[in-house]
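The values are calculated or read from the model by the stated rules, or taken from the named source; none is laboratory data. Nothing here was measured: the structure is a model prediction, and the numbers come from that model. Here the Cβ positions follow ideal geometry from the backbone for every residue, glycine too, while neighbour counts run over all protein chains shown.
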Amino acid sequence: MRTNDERVKAVERRTEELVRQRKERRVRVIGALAAAACIVAIVGLSFYLPGIMAASADGGVASTGMTASIFNQNGSLGYVLIGLLAFMLGISVTILCYRLHRDAVEKKNGQQEEKNGQQGENHRQQEEKNGEKTE
C-alpha cells in the first residue's frame, strides 16, 4: 500500500510526463508544418519562376537604371532564386534534424533518470521493510 507521499510523487511524475508529451507533440507539429511550408514555397515558386523568366526575356519586366544589372538580360535570375531557396531549405532541414537529435538525447537522459529514481525508491522501500522486519 502506498503512503500519501508516494501517491503525491506518482501524481507529480505523471503530470510531468503529460506536460513533456504535450511539448513533444507541439514541437513535432511545428516542425512538420515548417517543413510543409518550405516544400510548398519551393514548389510554388518553381511553377511561378518560368513565367517571370519568360517575361524578363521578352522585355516585359521594366528595368530601372543599374538596379541588379548583373541579372539584366540573362536567365540566371531563376537559378539564383532557386539556389537561395534550396539553401534556406537546407538550413531548415539541418535545424530540424538538430532539434530531433537533441530531443532524442533529452528523452533518453530523462528515461535513465526516471529509471535511476525508481531504483532508488525501490531500494528505500526495501530498506524500510527490512527495518520493520528486524524490529
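Put simply, of GLY31, GLY83, GLY65 the only residue that is out of contact with any strand residue (DSSP E or B) (no Cβ under 9 Å at 6 or more places or on another chain) and at pLDDT below 70 is GLY65. One residue stands out among those in the stretch 1-31 that are of a type in the set (A, V, I, L, M) and more than 19 Å from GLY110 (Cβ to Cβ): the one that is surrounded by the fewest Cβ atoms within 10 Å (Cβ to Cβ), which is MET1. Among residues of the stretch 1-20 being within 30 Å of SER92 (Cα to Cα) and at pLDDT 90 or above, the one that is nearest to the chain's Cα centre (by Cα) is VAL19.
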